[in-house]
Structure formats: C-alpha cells, structure tokens
1. Look at residue 279 and say whether it is modelled with pLDDT of 95 or more, crowded, with 20+ Cβ neighbours inside 10 Å and in a strand (DSSP E or B).
2. Taking segment 275-325 only, how many residues are within 10 Å of the ligand (Cβ to nearest atom) and among the aromatic types (Phe, Trp, Tyr)?
3. Scanning for something among the β-branched types (Val, Ile, Thr) and buried (at least 17 other Cβ atoms within 10 Å of the Cβ), does segment 284-298 turn up at least one residue?
4. Quick one: is residue 224 buried (at least 19 other Cβ atoms within 10 Å of the Cβ) and touching a residue at least 60 places away in the same chain (Cβ under 8 Å)?
5. I'd like the full set of residues that are surrounded by 19 or more Cβ atoms within 10 Å (Cβ to Cβ) and in contact with a Gly (Cβ under 6 Å, 6 or more places away or on another chain), limited to segment 62-88.
6. Report every pair of residues separated by at least 6 positions or lying on different chains whose Cβ atoms are under 6 Å apart, first residue within segment 44-61 and open to solvent by 20 Å² or more (accessible area, probe 1.4 Å), second in a helix (DSSP H, G or I).
7. Has segment 238-257 got at least one residue that is at pLDDT 95 or above, farther than 26 Å from residue 366 by Cβ and of a type in the set (S, T, N, Q)?
8. Please list, ordered by first then second residue, the pairs with beta carbon atoms under 8 Å, 6 or more apart or interchain, first in segment 287-309 and among the charged types (D, E, K, R), second near the ligand (Cβ under 7 Å from one of its atoms) and outside any helix (DSSP H, G or I).
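The values are calculated or read from the model by the stated rules, or taken from the named source; none is laboratory data. It should be emphasised that the depicted structure is a prediction, and the values quoted were computed from it without experimental measurement. Neighbour counts are summed over all protein chains in view; Cβ atoms, including those assigned to glycine, are modelled from backbone coordinates with ideal geometry. The area values use the complete protein model at the heavy-atom level, side chains included, leaving out ligands, DNA and RNA. Shrake-Rupley method; radii C 1.70, N 1.55, O 1.52, S 1.80 Å.
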Amino acid sequence: MQNHASRTAAFLKDDARTDWHNQSIWHVRSKRDNLVHDIPEWESIRQLGSDIKDNVLSNLDTYLEQFSAAAEANGVIVHWAADAKEHNEIVHGILAKHDVDRIVKSKSMLTEECHLNQYLEAKGIEVVDTDLGERIIQLKNEPPSHIVMPAIHLKKEEIGELFHEHLGTDKGASDPQYLTEAARGHLREKFLAAKAAITGVNFGVAETGGVVVCTNEGNADMGVHLAPVQIHCMGIEKLIPRAEHLGVFTRLLGRSATGQPITIYTSHHHRPKPGGEMHIVIVDNGRTEQLGREDFRNSLKCIRCGACMNTCPIYRRSGGHSYDHTIPGPIGSILSPGKDLKKHKDLPFASTLCGSCSDVCPVKIDIHEQLYKWRQIVSEEGHLEKVKSIPLAGAGAVLSKGGLYNFMGKAARTALKIAPRALVYNQFNAWGQSRELPEVPKQSFKEWYAENRK
Ligand code: SF4
C-alpha cells in the first residue's frame, strides 16, 4: 500500500528534480525572509493577526450571521453548505438555473477540496482554471502540489511539451515568456466565452459582507467582470471582523506566500454588477468538527500562505503529491488526519518536528506541536504500523528504567563494534539505506561526565 514514505521514495528517484524542487522552494522562503526582516513590527503584526483570528474562531457563529446579513443587504445571494456534496450541488444548481455550460474559475483550494471540477465536468459543464499554474496542472490532469504554486513540481520543458500538445505551441519551446503568452491567448478566449465565474475567497469581511480575493495574475477579476454570474466559494473560517483588519492580513499574506509586500491584485467584491448575479457559498465541510477539537482548532486560523511548506525540509524534498491530500505540507498534515485518521495516519510523522513551520506561520499556529499531538492520537488509537509500534514500545521500556537504559547502552556499544555491517545496512532497514551511524563512543555520556566533571 502506498504511503507518504513510498511516494517520497518515488519522488527522490529523480535526483535532479528533487534538488531543483528543494532549491526553488527555498528561494521563495528566502524572499519571504528578506521582506519580513524589512519590517521591524513584523512580530507584532503576526500577533495581531493571530489574535484577530482567535477572536473570529471564538465568535464564529456571530460573525457568520453578521456577514451573511450584510451580504444579503448588498443584494448578494448567500448559500450554506454543510459538506462538499452540498457545496457542489449548490454551485451546479446556480449554473443549471442560468443554463451555463462553461465556466472560468480562479484558484480555490476549497473547490479542490470539494472536487468541484470533476463534479461539474461529469454534469457536462466545461471548467477552465484560469490561474496559470492551475491551468497547467488541469491540462496535465494532476492535483496541485502546492497551495500557492500549484505546478512548482514541473520543469519549464515539461510545460512546453504540455502546451505543445494542448495549445499548439512550437515543439521543444520552453521559454517562459513565450509559453505564458500562449496561455494568455488561450485563456482570453475562455474568459470571453464563459457564462459564469467562480473564485475562492481569501477573506470575508463580517462588517461589510464583502469578499476579498488576492491574486497575482488578475484572472479572478477578469472572470468576475466578464461573466454575468459570479460565485464565490468560502470556507467558514475565512472571516475577519472588520475592513480595517484587512491591512493586517494583506501584509502578512503577500510576504509569507511569495515574498511580495502585497499581492498584485487585492480585489473587493461587495455586490452584483448591474444586470449580474452574485452568489457566496459558505462551506463547513468538517471545519466545525475541527473547531471542536481543542488541540487542533488553531489550525483554522490558516490563511493558506504556504510558508510552512516552503520552509519544511520534508516537503521540499518529498514534493506535494507525496501527501495525497488537497493541502500538503505541515498544515495539511494537521488537517488531513481530522478528515480521515486511518487514511492519513502517516502524515503527522512526515516531519522532523524542527518547528520551522511554526516559526514562519504568519498567524502563529503551533503547527509542530499539533503534529506531535496527532502522533500520540495515531498511537493511542492503534493506527501505528508494527514497524513503528514495536520498536517504540521497546524504546519506552528501556528509556523508562535507568538501570536497563545503562545496560542496553553498554550492550549496544559492544554489539555495534563486532556486528557485521549487513546487520544495520540491509534492504530491510530503511534507516540504514541513506545514513551512516556515527562512530560508536567508548563510554556513555554519564560515564564520561562522572570521569571528567567531578
Ligand atoms: S499554517 Fe500558517 S504558514 Fe502554513 S499555510 Fe497556513 S498560515 Fe501559512
């Protein structure tokens, strides 16, 4: 059966891709660091962002009602979806009412989570993702591998091949400018033909009932302004109380995501355009359940910047697809076990627990601590694989008894000196396949300390 380790092993077979993936993503992390260090008040903005989100989560029912009442007063049609199925049915119902057979969609992790594309396509509706990275992976029939840079796992030569096949670009062409212009021309036709536009939502403002969509390509704006029907799909946790709080989050988001002071487009949608229709679909899909988990409710503060992925040494060297979940990386490894613990039991272990994710998170989510808590739950609920549970039980027994620990340390130091190399470095021991044990010390630290620090 495939798991994170086996999918990572497959990714690591391509050394060149692994190095290049690692370096590209580290470059984004470095850009983030440069911009963050430019603002002396960064830590106070982070704290403010975290506090605002805490307030939202503690008063979510009130803010949701305030938001929907304000939106309806603006002439927006508000829908509530308990889960992905209901979300997809609502969106389809709106499109069916207007006889829409082709739509454009800007980047939305929520619609990915709900598998909206597949649902609508099965109903005969053409869905075109208009974010360039999203369009690339849509043409390649793959899920995104990163929440901000969905096609970061692909090289420009592979995109050239893909565009040659689907868009008729020159064979062998891989110049990014040329390929981007080809995509622009292709998407322009789709924009003009679409009868409805769907966007995700970065922030919903409770006080005004407006939604804010942040992009770097302007594709969400193009879609919404051209199509008569606009639909904004929003998770319940996306709310912020007041418009004045936007300044906090737009500063946090752009810097953390791509190392920009602000995203190129920060668009505010409040009411339908003349003759048009505006819908907001507010989606739960497991979020209320997560809110009820005391140890994990914090994860709902996430503003989907991707910084925890960019800094994670595991993510950078395993690729987003190794997580087999819509949201990969450290935050995905907290969210996915809440959806299906058995299926995603390996993800909380896809971490060194170094804490770098928590350090960069703009809303101060204690990511690595939550990963550690999930590990305990996986173990307590009996989902740990034997290959982990048996050695861990043994380690627990040894580490909890001082005398036994001393004895085993001495025995191991002797055994490792005389044991044949094949005992540690063999095909059955994954640990030894890419590591070397350090030289075995002559004595334990305790013995050394007793001798030298009297
Ligand atoms: S958990 Fe924090 S760092 Fe990771 S995507 Fe969410 S907001 Fe960004």
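1. yes
2. Total satisfying the criteria: 0.
3. No, that holds for no residue.
4. no
5. 67, 70, 71
6. 48/248
7. no
8. 301/363; 301/365; 304/147
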